[in-house]
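Worksheet: the structure to be examined is printed underneath.
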Amino acid sequence: MKLLEVQDLKVHFPVRHGLFSRARQYVKAVDGVSLTVDAGETVGLVGESGCGKTTLGRAVIRLLEPTSGRILFDGEDLAQLDGEALRQKRRHFQMIFQDPYGSLNPRMTVGEIIGEAIDIHRLAATVDARRGRIESLLRQVGLDPSHMTRYPHEFSGGQRQRIGIARALAVEPKLIVCDEPVSALDVSVQAQVINLLQDLQRQLGVAYLFVAHDLAVVEHISARVLVMYLGRVVESGPSKDLISEPRHPYTQALISAIPEVDPESKRQRIVLSGDVPSPIQPPSGCPFHPRCPVAEARCSIETPPLRELSPGHWAACHLAQPAATSSLASRDNAG
Ligand code: SF4
């Protein structure tokens, strides 16, 4: 069942050259993305810094106003909701932030941080019920309930991210947007936090939109993955298919950069030349063509549409060939 459905979403930011000047240019941070997340599912969103994945995650939970497109949550168009109806709906989608140091108020105790969310949505009828709920949430994320009187600076990075997770869970959400939740943590702590998120999903049935630049992390946790480049989805599909048989040259380059455990592996590293172009003036045709190692003449003229190459596996590349077993059945028409 579709919990979240994003249709042709665009988030464009005006660029002004003076305080009172008119915007003549726009940063196309997200430029026509469609995706779905089912109840209890994890969908990964991956790409280099500046590809638009964080902007997309924030627009999904209405921290940013989209320029156009639709966001349906539980079948309801969020743009049509306001006031109390939007507040009620907001409870069902939460966010975990990249920076566990900056996302917690240093002047509040852990109990106050988690209790604030419970208070806003009036989820505890009595003081005892509120306290019991905070203690139970701390246990659920692997922290000692007696720590509720401590302040964020008394915890390690991993523990602070656990507090952020407890705060998100306090309102019993159906979807959590995880914005690079482990990229600021040590590798050993990253695994613990990922395992915790997976355990919580099994217990609570919560869905995740998991945003990260590290494809190895995203693959580990996600059933499906979308790869973004310059505000668009260039490839999407079941994570196993996408990793074992990437069709887009950009995805192939990202995968080639994942460190391999097997010393016998012959995987060649694909080093992309140049930086990601400006989203103010994206390249003509295929936006990846200035960096693509296999670009042809037509790539700078014709924009490749997303095509389904095998069941549920889509890519936007002129050279990607459909598999013989291609099916019309699809999950996302992202892009
Ligand atoms: Fe490369 Fe052309 Fe495919 Fe774009 S369409 S990814 S430039 S081969």
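The values are calculated or read from the model by the stated rules, or taken from the named source; none is laboratory data. Note that the coordinates shown come from a computational prediction; the quantities given were computed from them, not determined experimentally. So basically every Cβ, Gly included, is an ideal-geometry build from the backbone, and we count neighbours across all protein chains shown.
Please find, among Ile120, Ile114, Ile96, the residue that is out of contact with any Cys (no Cβ under 9 Å at 6 or more places or on another chain) and surrounded by 19 or more Cβ atoms within 10 Å (Cβ to Cβ). First the steps, then the outcome.
Working: Ile120 fails: surrounded by 19 or more Cβ atoms within 10 Å (Cβ to Cβ); Ile96 fails: out of contact with any Cys (no Cβ under 9 Å at 6 or more places or on another chain).
Being out of contact with any Cys (no Cβ under 9 Å at 6 or more places or on another chain) and surrounded by 19 or more Cβ atoms within 10 Å (Cβ to Cβ) holds for just one of Ile120, Ile114, Ile96, which is Ile114.
I'd like to check which helices (runs of 4 or more DSSP H) are fully inside segment 84-178 and have at least 1 residues that are polar (S, T, N, Q) and either free of Cβ contacts under 8 Å to residues at least 24 places away in the same chain or closer than 18 Å to Ile194 by Cβ (or both). Steps first, answer last, please.
Numbers: elements: 110-120, 127-140, 157-169.
Qualifying helices (runs of 4 or more DSSP H): 127-140, 157-169.
Okay, residues lined up against (1) at pLDDT 95 or above; (2) under 25 Å from Arg224 (Cβ atoms); (3) within 13 Å of the ligand (Cβ to nearest atom); (4) of a type outside the set (D, E, K, R):
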site	(1), (2), (3), (4)
Leu242	no, yes, no, yes
Ser256	no, yes, no, yes
Lys266	no, no, no, no
Arg269	no, no, no, no
Ser278	no, no, no, yes
Pro293	no, no, yes, yes
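Does Glu302 fit the bill of being among the acidic types (Asp, Glu) and either buried (at least 17 other Cβ atoms within 10 Å of the Cβ) or modelled with pLDDT under 90 (or both)?
Numbers: among the acidic types (Asp, Glu): yes; either buried (at least 17 other Cβ atoms within 10 Å of the Cβ) or modelled with pLDDT under 90 (or both): no.
No.
Kindly establish whether Asp214 is within 15 Å of the chain's Cα centre (by Cα) and within 20 Å of Phe93 (Cβ to Cβ).
no
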